[in-house]
Amino acid sequence: MSEVAWQKGWWRKDLLSIKELSREEIQMILDTADSFKEISTRDIKKVPTLRGKTVITLFYEPSTRTRTSFEIAAKRLSADTINISVSTSSVVKGETLLDTALNLQAMEPDIIVLRHSAAGAPDMLARALKASVINAGDGFREHPTQALLDMMTVREKKGSLEGLLLAIVGDIAHSRVARSNIYGFKKMGARVRVVGPGTLIPRGIESLGVEVFHDLREGIRGADVVMALRIQRERLEGAFFPSEREYARFFGLSLDVLREMAPNALIMHPGPMNRGVEITPDVADGPGSVILEQVTNGVAVRMAVLYLLAGGTRGEDLH
Amino acid sequence: MSEVAWQKGWWRKDLLSIKELSREEIQMILDTADSFKEISTRDIKKVPTLRGKTVITLFYEPSTRTRTSFEIAAKRLSADTINISVSTSSVVKGETLLDTALNLQAMEPDIIVLRHSAAGAPDMLARALKASVINAGDGFREHPTQALLDMMTVREKKGSLEGLLLAIVGDIAHSRVARSNIYGFKKMGARVRVVGPGTLIPRGIESLGVEVFHDLREGIRGADVVMALRIQRERLEGAFFPSEREYARFFGLSLDVLREMAPNALIMHPGPMNRGVEITPDVADGPGSVILEQVTNGVAVRMAVLYLLAGGTRGEDLH
Amino acid sequence: MSEVAWQKGWWRKDLLSIKELSREEIQMILDTADSFKEISTRDIKKVPTLRGKTVITLFYEPSTRTRTSFEIAAKRLSADTINISVSTSSVVKGETLLDTALNLQAMEPDIIVLRHSAAGAPDMLARALKASVINAGDGFREHPTQALLDMMTVREKKGSLEGLLLAIVGDIAHSRVARSNIYGFKKMGARVRVVGPGTLIPRGIESLGVEVFHDLREGIRGADVVMALRIQRERLEGAFFPSEREYARFFGLSLDVLREMAPNALIMHPGPMNRGVEITPDVADGPGSVILEQVTNGVAVRMAVLYLLAGGTRGEDLH
């Protein structure tokens, strides 16, 4: 596997966004992830690849799921992991994010995985630090490893993303997952639609090369992949949409609605799901659903990213 | 050691309750624990037995003590450990326990250690997941590793549980520790009494084969082992008992009261102790007390359980 | 490296204070730290020195920074680490610190790193436990590893502490960092001044052999090292000082004020910094600042302390 990666050559220090990646880079990550996936199915799920490397997860927003996925990925590569979770209440008053990061840098970590509510925070750290920075979600901007695991999952099932039709349904305006996937699927040759109520789709999003639909059935008609986004309940109350119930009725994925999709279409969700709101249980657990495979591939994609960033300057075979 | 285990053959995927275990299974765990205990006294307290295995602790109720014991046990066997502590406030709204568990399962852990306030939660997960599930306490139902470490401690001191008289004192109604120990000690041939105020002993508990006492001196008369349960102070206020002080006076273990026990009787407590409430300091630190040995044996029992569940299908010598 | 240490012989079980250390002991720790520092710059930042040892961090006050430094230090020595963070709200009601510690001891850790708001808490544990205890800050009393990393940093830059003039500026009264550094620098032959408003300098501190100044310019005149302490904003409101702004004006380190220092003087800060309060950004990031080197040396010093305490009875070469 490493051969594939090294032949083409990985040179980035950081993974900040899908927007900045080339099609070749995305392919390189997905190929590497494919080859790492098998490790997690072994009896001894561990390779010494990143032994003696220090990976810090620095989360300014709670996310058990993403943190756990990174931590498992790092441990299966034998890296040492340090978890720092900064709840709003315990933030050290007066210290800036940059000072916190410079302090961590002084402890000589190899990789810092950052989740932060401010768009662009990972870029700022990446410029300031010698350590590699992985964006694990920044504000409403990007969540690149989520898009990579989504692309990996679709590629696995469909062979290629070229020419596929992806429909992303829900709160596009507040979704870094949507944004990263729009960039990613477009680069890989897919067509992308966004589907949702007018209040939840940002004006001018057509400039990203997507089609906008406000009717669910129309929006998913003929789609090869339908991705439901998680609805933040607090956003539904009043400001953006009348109610959860209303949302479910007009934009929830149900078996009935899904007849509009292409045959053998895939159903995706980044999790955690609100069953009965953006997706009904029979769809979530139905035959087209690849929701749990997304999670499995999440570990493989994160192993690949950790490996490429930490090992990028070497070139030896690390297996 | 492993020979003992494999000769008899361990076949369970999960450890959910003492109720479901046979006498032979309990003996197998205790024998395995006996042999693991020595590892923690070595200069290098670590064996490669579970290298490359992933153990997740998933705690929906806080418990530093039990989580730490499992984590140390897993690390001494060289497993990778991931801690997930879900406080009520940070529970992802809308996601069910089952969805959370299926997501974790998708990351291919080998063992999930679950503490949950709902009785039966571990059984539900065990049915749904490929990973082994260990019940680290479910509601008022069971806490099997606690009973196993208690049995290990008594067996170590007394040679056997056969024919011994155990008196469990305190809030039997709300105690999973009591329930697991009743099942365990009975299976191993001991007689069990429960002692406490009427409001804290569930009606019909005699059907489990125990004798009920409401007077402390009578209840512990002739007992070989007296186990004080932790009193939850919030339960004493009004509803179940007039006051902490009143409780201490009638059901607290003191040197004076303990004269009623058999000679060389053991004093146990699952911790954390309310000194001066359910137990006086001179009893807690006195000659019959094995309270800290319970903690030491907790690590050994958890190593044994992790080992049997993770290694149960192999059969090679793992040392 | 270990030769230096073993020739002189390290014999302490615990690291509780700088006050109790001899000049030779401090030198031994700093020499050991010097030799460990290089490990963190390797491609594989890990040595097997403490493999199979269990290090527990037990923090009763939040401190991401110090906990992380100890955790990284332990992991680079291959020890297993367990983090226990006891927020006030989740403290198990009714259990004493000593009972908590005795319970942890029963799980056979090698080292317990304790932070606690009560001065003397580490000493109490050290007497009661077989495990080594490291004081990671106790009340307003001592924070010995902070002083050791400060001394290491100054020694590295200046060759020796002998004859240097150190000025510590700020809230001396509530600073364990100040106290540990006063003991440490004095023992190593430096002169020490404390500088701050009368309300923040404890009466009688001259008995520790320091000079007291209430004027910043006078206090740092000719100093080779100026150490700004973190101001706890809550302490400024009313009781001890009129306002943050007032404090910055009279006791904040600025480029202008620092002209009073000796040439090539060092600027230190234990972090986290309140930029614009006790230190201006141009000073914090200026040429004399060794603030981030302090953090780097923190990992090395903690590796040294863990190593000496855990390995102190052996004598083999551990590299």
* Asked: What are the ³J(HN,Hα) values, in whole Hz, obtained from phi via the Karplus relation 6.51 cos²θ - 1.76 cosθ + 1.60 with θ = phi - 60°, for each residue of the stretch A:33-41 in sequence order, with x given for Gly and Pro?
  -> 4, 3, 6, 7, 4, 5, 4, 6, 9
* Asked: Of C:Met273, C:Val257, C:Val283, which is farthest along the charge dipole of the stretch C:251-303 in the positive direction, counting Lys and Arg as +1 and Asp and Glu as -1 at C-beta?
  -> C:Met273
* To do: Kindly work out what percent of the DSSP beta bridges joining two residues of chain C are antiparallel, to the nearest 5.
  => 5
* To do: Under 1.5 on a/c is rounded, so check that first for the protein assembly as shown, then, if it is not, pick prolate when a/b is larger than b/c and oblate when it is not; a ≥ b ≥ c are the square roots of the alpha carbon gyration tensor eigenvalues.
  => oblate
* To do: Fewest Cβ neighbours within 10 Å first, please rank C:Ser160, B:Ser175 accordingly.
  => C:Ser160, B:Ser175
* Structure fact -> Inter-chain shielding metric for B:294-306, i.e. average beta-carbon neighbours from other chains within 10 angstrom, reads 2
* **Nearest-first distances (nm) between copies at B:Lys130, label 7 Å from Cα via Cβ** => 4.2, 4.2
* Structure fact -> Checked against the positive end of the charge dipole of the stretch C:149-224 (+1 on Cβ of Lys and Arg, -1 on Cβ of Asp and Glu, about the Cα centre), the farthest of C:Ala223, C:Val194, C:Ser180 is C:Ser180
* To do: Could you quickly flag the chain C residue whose beta carbon comes closest to the rotation axis taking C to B, and that distance in whole angstrom?
  => C:Asn83, 5
* Residues with amide H under 5 Å from that of B:Leu253, placed H, sequence gap 5 or more -> B:Ile279, B:Thr280
* To do: Taking the Cα centre of the protein assembly as shown as origin, sum charge times position over the Cβ atoms of Lys and Arg (+1) and Asp and Glu (-1), and report the length of that vector in debye to the nearest 20.
  => 300
* Asked: If packing is taken as the mean number of other Cβ atoms within 10 Å per residue, what is the order of A:131-138, A:298-305, C:187-194, A:258-265, highest first?
  -> A:298-305, A:131-138, C:187-194, A:258-265
* Where Rh is the Kirkwood radius over the Cα pairs of chain C, the temperature 4 °C and the viscosity 1.567 mPa s, what D in µm²/s does Stokes-Einstein return? -> 65
* Asked: Which net charge results when you count Lys and Arg as +1 and Asp and Glu as -1 among the other residues whose beta-carbon is under 10 Å from that of B:Asp224?
  -> +3
* Structure fact -> Row for the stretch A:21-180, column shape: gyration tensor on C-alpha, a ≥ b ≥ c, rounded if a/c < 1.5 i.e. under 1.5, prolate if a/b over b/c, else oblate; value oblate
* **B:Lys53 long-range amide H proximity, modeled H, under 5 Å** => A:Lys45, B:Asp80
* Asked: Can you run phi through the Karplus equation (6.51, -1.76, 1.60; θ = phi - 60°) for the stretch C:141-153 and list ³J(HN,Hα) in whole Hz, with x for Gly and Pro?
  -> 8, 9, 8, x, 5, 5, 5, 5, 5, 5, 5, 4, 5
* Expressed as a rounded percentage, what relative contact order does chain C have, with Cα pairs under 8 Å and six or more residues apart? -> 21
* Hey, can you rank C:65-74, A:42-51 by average C-beta count inside 10 Å, highest first? -> C:65-74, A:42-51
* Cα-centred dipole magnitude for chain A, charges only on beta-carbon of K, R (+1) and D, E (-1), debye, nearest 20 -> 220
* Asked: Out of residues 5 or more away from B:Val113 or on other chains, whose amide H comes under 5 Å of its own, with H placed 1.01 Å from N in the peptide plane?
  -> B:Ile56, B:Thr57, B:Leu58, B:Ile134
* If you count, for every residue in B:275-284, the Cβ atoms of partner chains within 10 Å of its Cβ, what is the mean? -> 1
* Sequence ranges C:98-107, A:241-250, ranked by mean other-Cβ count within 10 angstrom, highest first -> C:98-107, A:241-250
* To do: Specify the inter-centroid distance of the stretch B:3-79 and the stretch C:147-201, based on alpha-carbon positions, in whole Å.
  => 49
* **Alpha carbon centroid spacing (whole Å) that separates the stretch C:270-296 from the stretch B:223-282** => 54
* Projected label distance in nm at A:Arg42 and C:Asp43, using a 7 Å step from Cα toward the beta-carbon -> 2.1
* Structure fact -> Checked the stretch B:44-87 with the C-alpha gyration tensor, a ≥ b ≥ c its square-rooted eigenvalues, rounded below a/c of 1.5, otherwise prolate if a/b is larger than b/c and oblate if not; verdict oblate
* **Counted charge near C:Arg249, where neighbours are those whose Cβ lies closer than 13 Å (Asp, Glu -1; Lys, Arg +1)** => -3
* To do: Convert each backbone phi in the stretch A:118-128 into a coupling constant with the Karplus relation 6.51 cos²θ - 1.76 cosθ + 1.60 (shift: θ = phi - 60°), then list the ³J(HN,Hα) values in order as whole Hz, x for Gly and Pro.
  => 9, 4, x, 4, x, 5, 4, 5, 4, 5, 7
* To do: Rounding to the nearest 20 debye, state how big the charge dipole of the stretch C:207-288 is about its Cα centre with +1 on each Lys and Arg Cβ and -1 on each Asp and Glu Cβ.
  => 100
* Shortest first and in nm to one decimal, what separations exist between C:Asp215 and its copies in the other chains, measuring from label points 7 Å along the Cα-to-beta-carbon line? -> 8.3, 8.3
* Residue mean of other protein chain beta carbons inside 10 Å, C:65-77 -> 4
* Asked: If you put a point 7 Å past Cα along the Cβ direction, how far is that point for C:Arg233 from the same point in each other copy, in nm, smallest first?
  -> 3.3, 3.3
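Here, each number is a calculation from the coordinates, and none is a lab measurement. Model, not experiment: these values are computed from the prediction. Cβ sites come from the backbone with ideal geometry, for glycine too, and all protein chains shown count toward neighbours.
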